[in-house]
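Below: one structure, written as structure tokens.
Please treat every number below as a calculation from the coordinates, not as lab data. Quantities reported herein were computed from a predicted structural model and do not represent experimental measurements. Neighbour counts run over all protein chains shown; Cβ positions are idealised from the backbone, glycine included.
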Amino acid sequence: MWLGESTHTLDGKHRVFIPKRFLGGLARDHEGRTPVILTRGFEGCLFMFSEERFEDIVSGLNTRAFAGPEERMMQRLFFSKANRLNLDGSGRLLLPENLRTLVGIEREIEIVGTHDRVEIWPKAGWDAYCEKNSGEFDRLDQVLRGPAVEQTPQP
């Protein structure tokens, strides 16, 4: 489970240190590397998944080639932006240029744990998102509970 947020700066090679508290949720492969899946997220961020979690997500998607034009479009949009990357020996992640450009990451970023994934935001984008949604926290119980089920009165 990934929790918390922290501000970081990309180095000159566009790498960022992944906080140690997030490294514990990542497994090493048979060659001793630490792979992650980095892809386009929603609302202007990138999603970072462990390989295991990404496989769980993909198993729940309709990925049949002949499912229909809308499904194929979504497959293309989703999978074309996904990258299997390895953290280096220091725990740094290289952010590919296409993904940095896509969400507007330049230098300062915010790394946010959201339970089953890590989100990587441009710092200004995260700040704007938080400001825009700051008054929404009190609705959390309603969102987590889901839609209310109407009770039918008993005769």
In the Gaussian network model of the chain, springs joining C-alpha atoms below 10 Å, which of H30, H115, H14 carries the largest mean-square fluctuation?
H30
The number of Lys pairs in the chain whose alpha carbons lie under 22 Å apart, excluding pairs fewer than 8 residues apart on one chain, is 5
Ordering of 129-135, 42-48, 21-27 by packing [mean C-beta count within 10 Å, highest first]
42-48, 21-27, 129-135
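For an R0 of 35 angstrom, estimate the FRET efficiency from the Cβ-Cβ distance between D29 and E70 and round to the nearest 0.05.
Efficiency computed from Cβ-Cβ geometry: 0.55.
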Extending each Cα 7 Å along its Cβ direction at S59 and R145, get the distance between those two points in nm, one decimal.
3.2
Given the chain, what whole percent of its Cα pairs are spread farther than 24 Å?
43
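If R₀ is 35 angstrom, what is the calculated FRET efficiency for the pair E136 and K13, using the beta carbon separation as r and rounding to 0.05?
Efficiency, rounded to the nearest 0.05: 0.40.
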Formal net charge of residues neighbouring L77 (Cβ-Cβ distance under 13 Å; K, R +1; D, E -1):
+2
When the chain is modelled as a GNM with alpha-carbon springs shorter than 10 Å, which of P69, P19, P35 fluctuates the most?
P69
Fewest to most Cβ atoms within 10 Å: D138, D127 sort as D138, D127
Would you mind checking the tilt of helix 123-133 against the longest principal axis of the Cα atoms of the chain, expressed as 0 to 90 degrees and rounded to 10?
10
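Per the Cauchy relation, a quarter of the hull surface: what is the mean projected area of the convex hull of the alpha carbons in segment 1-50, in nm²?
Reported value for the Cα convex hull: 4.5 nm².
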